Amino acid sequence: MSDFDVVVIGAGPGGYVAAIRCAQLGLKTACIDRWVGKNGKPAVGGTCLNVGCIPSKALLNSSERYEDMRLHAADHGINSGDVSIDVEKMLARKDKIVLELTDGISALFKSNKIVFYAGHGCLVEAGTVRVSSEDQDDQTLAAKHVILASGSQPVQLPGMAVDNKTIFDSSGALEFPTVPKTLGIIGAGVIGLELGSVWRRLGAEVVILEAAQSLLGSADSMIAREAKKQFSRQGLDIRLGCKVTQVDNTENGCSIHYLDGENNESIGVERLIVAVGRRPVTDGLLDSNCGVALDDNGAVLVDADCATAVPGVWAIGDAVRGPMLAHKASEEGIAVAERIAVGSSNIDHSIIPWVIYTHPEIAWVGATEEELKAQEIPYTVGLFPFAASGRAKAVDATDGFIKILAGRDSDQILGAHMIGSQVSELINEAVLAMSMEASAEDLARTVHAHPTLAEAVHEAALAAHGRAIHKVNR
Ligand code: FAD
Ligand code: NAD
């Protein structure tokens, strides 16, 4: 039996980051993952690197460049002639990025002396993990601590099984060999909007059917309204309040039947993506006697510190409560490693940022205006439109705005909501400000470089005090 201080099950952004931090802190660490990459070899990096954050952002970038060349290059006096897209090459670029990054994590494992096991990990009991794989006998690892980081997988809908020919989940939708003429998507959440944008930009007619009555229910409603307006203008056909009842295969794809209010409707599409959320992965992860429990959503039950009820067993990332985001998984991994090694660490779960990488991008952190109203917290709003920013004008990025919410009495920043170009980067300034418990005045008195898009954050903070410079304050 091999002995370790820590065994991590899962090498996604939760597990691999936890393993590296454990090793940095001097703990003898192993990490187990069963993922097999597109090249047929074991791969680290989990959902995020293999079929999530990274490949989707690679395709978002390729498709954005294509659309920009086609629609906007001429505005700059650039005559690009006939622009066409080579989908095979675009996918090969994505795959190369994925391989370079996953190989990079393997190299980090080696340099940190983390022992990697390719196979399925199961917690037998506190301190004992079994690794099984097709080409080796089972191995048993002893560990003072075990970190469960088994991640999540797409939710499937009954009667709409993913076949990766007509009906796809998000992984399959990153691999379309050609641009479909028509594409249906069930779910206008983060994946529906990001992947819908990719294939629309490349030429597909995209219809998104969303059961909820409003788009992006957890975003600030002003941002969600602006997003709906912008996406509709681009040609994304988002139908709200539409509940899919049945999908039938047809000669050219499938027919989607849905209820729009009380009306039965149907549309035919060449391909369909089901993007209705993700659920924790726990199949074969826990021996029935190991003592670790699941919550009502099938997630591993943990306390605020990511500890399970079994001493020495921890769980992090998509496998536990909270938002299913790579940076949340990684920060929990770091925190657990530090709790194991030095006894304490801290994450403020109330200031985890969200980003949707559409165009314009959407990002937020902290409370929405609706949440402040519901909690009867008095607040001020600072709004600044990108249309009034010099840099935004210079780089064709005038869509959208920044909204900062600050406590009316304390002036402390309580939330920041952004829609526009590069807000995936700008949101981090708001996260830092909030983590330092900064006030709108602190942000307003911070010198921002000119000309930058970040000046819009500065102006929104000034606007919270009615003193934005480049817009009329009302
Ligand atoms: P995962 O990344 O899912 O990793 C879990 C690992 O555990 C997997 O490698 C799996 O093989 C392994 N595993 C599971 N069970 C076992 C077992 N019993 N034995 C051995 N190995 C096991 N998040 C963002 O923050 N930003 C984004 O832009 C973003 N884009 C996304 C785009 C898409 C299309 C998708 C699908 C997701 C995206 N996400 C994004 C979400 C992000 O990928 C997840 O939140 C993140 O990967 C969770 O990390 P994790 O380590 O908890 O789990
Ligand atoms: P989601 O929860 O973001 O959205 C799912 C949507 O599907 C919701 O709007 C929901 O109302 C709708 N829906 C559910 N059932 C439906 C039905 N039967 N018919 C019609 N609509 C239905 O889930 P997702 O888009 O699948 O993404 C999963 C998770 O992956 C995200 O929540 C996020 O945690 C993560 N992710 C993050 C990013 C990012 O950070 N940029 C990108 C992609 C994925």
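The values are calculated or read from the model by the stated rules, or taken from the named source; none is laboratory data. If you're wondering where the values come from, they're calculated on a predicted model, not measured in any experiment. Please note: Cβ atoms are built from the backbone with ideal geometry, for glycine as well, and neighbour counts cover all protein chains shown.
Looking across the stretch 236-261, just one residue is within 10 Å of ligand 2 (Cβ to nearest atom) and in a loop (DSSP other than H, G, I, E, B), and that is 241.
A quick yes/no check of all residues on (1) assigned to a helix (DSSP H, G or I); (2) buried (at least 18 other Cβ atoms within 10 Å of the Cβ); (3) of a type outside the set (Phe, Trp, Tyr):
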site: 332; (1), (2), (3): yes, yes, yes
site: 335; (1), (2), (3): yes, yes, yes
site: 344; (1), (2), (3): no, no, yes
site: 350; (1), (2), (3): yes, no, yes
site: 363; (1), (2), (3): no, yes, yes
site: 376; (1), (2), (3): no, no, yes
site: 380; (1), (2), (3): no, no, yes
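The residue pairs whose first member lies in the stretch 193-216 and is on the phi > 0 side of the Ramachandran plot and modelled with pLDDT of 95 or more, whose second member is of a type in the set (A, V, I, L, M) and more than 8 Å from ligand 2 (Cβ to nearest atom), and whose beta carbons are closer than 6 Å, counting only pairs six or more residues apart or on different chains, are 203/179; 216/224. With respect to the conditions (1) loosely packed, with under 15 Cβ neighbours inside 10 Å; (2) among the charged types (D, E, K, R); (3) more than 22 Å from residue 152 (Cβ to Cβ), residue 305 falls short on a single one, namely (3).
Keeping to the stretch 253-265, report how many residues are surrounded by 13 or more Cβ atoms within 10 Å (Cβ to Cβ) and not aliphatic (A, V, I, L, M). Please lay out each step first, then the result.
Looking only at the stretch 253-265, we keep the residues that are surrounded by 13 or more Cβ atoms within 10 Å (Cβ to Cβ), and these are 253-260, 265.
Next, from what is left, pick out any that are not aliphatic (A, V, I, L, M): 253-255, 257-258, 260, 265.
The qualifying residues number 7.
State all residues of the stretch 202-226 that are more than 28 Å from residue 69 (Cα to Cα) and more than 15 Å from ligand 2 (Cβ to nearest atom); if no residue qualifies, say none. Residues satisfying the conditions are 220, 222. Restricting attention to the stretch 306-351, the residues that are within 15 Å of ligand 1 (Cβ to nearest atom), closer than 25 Å to residue 224 by Cα and without any contact (Cβ under 8 Å) to a residue 60 or more places away in the chain add up to 6. Scanning the stretch 216-235 for residues that are surrounded by 22 or more Cβ atoms within 10 Å (Cβ to Cβ), part of a loop (DSSP other than H, G, I, E, B) and away from ligand 1 (no atom under 16 Å from the Cβ) yields one hit, 220. Every listed requirement among (1) part of a loop (DSSP other than H, G, I, E, B); (2) in contact with a strand residue (DSSP E or B) (Cβ under 7 Å, 6 or more places away or on another chain) is met by residue 310 save one, (2).
A count restricted to the stretch 308-330 and to residues that are crowded, with 20+ Cβ neighbours inside 10 Å and either more than 16 Å from ligand 2 (Cβ to nearest atom) or more than 14 Å from the chain's Cα centre (by Cα) (or both) stands at 7. One residue stands out in the stretch 267-305 among those that are in a strand (DSSP E or B) and touching a Pro at 6+ places or on another chain (Cβ under 6 Å): the one that is farthest from ligand 1 (Cβ to nearest atom), namely 271.
Scanning the stretch 68-86 for residues that are under 23 Å from the mean Cα position of the chain (by Cα) and not assigned by TED's automatic domain parsing to the domain that holds residue 204 turns up nothing. Among the candidates 103, 137, the residue that is over 29 Å from the mean Cα position of the chain (by Cα) and without any contact (Cβ under 8 Å) to a residue 40 or more places away in the chain is uniquely 137. Please name all residue pairs, on different chains or six or more residues apart, with Cβ atoms under 6 Å, provided the first residue is in the stretch 155-181 and is part of a loop (DSSP other than H, G, I, E, B) and the second residue is among the charged types (D, E, K, R) and within 12 Å of ligand 1 (Cβ to nearest atom). Filtered contacts from the stretch 155-181: 155/279; 162/169. Of all residue pairs spaced 6 or more apart or on separate chains, those with beta-carbon atoms under 6 Å, a first member in the stretch 47-58 that is within 18 Å of residue 149 (Cβ to Cβ) and a second member that is near ligand 1 (Cβ under 6 Å from one of its atoms) are 47/12; 47/151; 48/12; 48/13; 48/326; 53/326. Here residue 291 fulfils each of the conditions (1) in the same structural domain as residue 187 (by TED's automatic domain parsing); (2) within 30 Å of residue 32 (Cβ to Cβ); (3) not aliphatic (A, V, I, L, M) apart from (1). Would the stretch 17-36 turn up any residue that is within 27 Å of residue 135 (Cβ to Cβ) and surrounded by fewer than 18 Cβ atoms within 10 Å (Cβ to Cβ)? Within the stretch 17-36, one or more residues are within 27 Å of residue 135 (Cβ to Cβ) and surrounded by fewer than 18 Cβ atoms within 10 Å (Cβ to Cβ).
Looking only at the stretch 56-79, count every residue that is surrounded by fewer than 12 Cβ atoms within 10 Å (Cβ to Cβ) and touching a helix residue (DSSP H, G or I) at 6+ places or on another chain (Cβ under 9 Å) and tell me the total. Residues that pass the stated criteria total 2.
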